[in-house]
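**Student:** The structure is given below, and queries will be raised subsequently.
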Amino acid sequence: NAGVTQTPKFQVLKTGQSMTLQCAQDMNHNSMYWYRQDPGMGLRLIYYSASEGTTDKGEVPNGYNVSRLNKREFSLRLESAAPSQTSVYFCASTTRGGAAGANVLTFGAGSRLTVL
Amino acid sequence: QKEVEQDPGPLSVPEGAIVSLNCTYSNSAFQYFMWYRQYSRKGPELLMYTYSSGNKEDGRFTAQVDKSSKYISLFIRDSQPSDSATYLCAMSYYTGNQFYFGTGTSLTVIP
């Protein structure tokens, strides 16, 4: 049982390049999330997917797109990377609570992105 | 006013000390109260969570929720150098997609 798996772990991009961060969970969770974490800023929500087929913007969605490919997988795409997107990105998932189970997040190990 | 407030520290204690980490919150509708431990350059790891109010104990760790004061605490007994990390509190509703995080408290346990 791997939990939440993110790839790649590290990536260096040049300004203007594109890339996709991949995330997969094997806990049969309904909801999935992408956060970024910057020093002094805490965790900030980029996008989330409440269920397969739906996505919604979070606090800092500009410059990002997401795809909920199926129940297991949720990807984050940077179409034209900017230095301001240098950050550590975390994927997370949850049952979404209620009868489905505890409404708590499980995080992946993170993807460290540097944009030059 | 932020939904969740957490003293960022840093907090430095000698090995064996009792550590108290705290968060306050403003929304009385929160039902899940989580503590995450994040080692340097790693992802947040769910340490423990409490549903509604009361205490929960797991080994050297105790989580407390005081809903009347809107205050949660994490106690670490007999602290170890391996406990050195950033501790994040987080809160959510019974169901839904909103999660609210503190900014984290950096803890160093000195051997």
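The values are calculated or read from the model by the stated rules, or taken from the named source; none is laboratory data. Note that this is a predicted model, so its numbers are computed, not measured. FYI the Cβ positions are ideal-geometry reconstructions off the backbone, even for glycines, and counts take in every protein chain you see.
**Student:** Given B:Ser68, B:Ser79, which one is part of a loop (DSSP other than H, G, I, E, B), small (Gly, Ala, Ser), more than 22 Å from A:Asp38 (Cα to Cα) and modelled with pLDDT under 95?
**Tutor:** Result of the check over B:Ser68, B:Ser79: B:Ser68.
**Student:** When you check B:Ala29 against the structure, is it of a type in the set (A, V, I, L, M, F, W, C), exposed (fewer than 15 other Cβ atoms within 10 Å of the Cβ) and either within 12 Å of chain A (Cβ to nearest Cβ) or within 27 Å of A:Ser93 (Cβ to Cβ) (or both), yes or no?
**Tutor:** Yes: the conditions hold for B:Ala29.
**Student:** Having 1 or more residues that are closer than 30 Å to A:Gly98 by Cα is the bar; report the strands (runs of 3 or more DSSP E) wholly within the stretch A:4-86 that clear it.
**Tutor:** Strands (runs of 3 or more DSSP E) meeting the threshold: A:4-7, A:19-25, A:31-38, A:42-49, A:64-68, A:74-78.
**Student:** Identify, please: which residue in the stretch A:33-46 is touching a Lys or Arg at 6+ places or on another chain (Cβ under 7 Å) and surrounded by 20 or more Cβ atoms within 10 Å (Cβ to Cβ) and is, among those, nearest to A:Phe107 (Cα to Cα)?
**Tutor:** Top of the filtered list is A:Tyr35.
**Student:** In the stretch B:94-111, which residues are more than 7 Å from chain A (Cβ to nearest Cβ) and surrounded by fewer than 24 Cβ atoms within 10 Å (Cβ to Cβ)?
**Tutor:** B:Gln98, B:Tyr100, B:Thr105, B:Ser106, B:Leu107, B:Thr108, B:Val109, B:Ile110, B:Pro111
**Student:** Something else: Please give the strands (runs of 3 or more DSSP E) falling wholly within the stretch B:1-42 in which 3 or more residues are of a type in the set (Phe, Trp, Tyr).
**Tutor:** Per the criteria, B:32-38.
**Student:** Could you say whether any residue in the stretch A:76-95 is at positive phi, within 14 Å of another protein chain (Cβ to nearest Cβ), crowded, with 16+ Cβ neighbours inside 10 Å and at pLDDT below 95?
**Tutor:** No, the stretch A:76-95 contains no residue that is at positive phi, within 14 Å of another protein chain (Cβ to nearest Cβ), crowded, with 16+ Cβ neighbours inside 10 Å and at pLDDT below 95.
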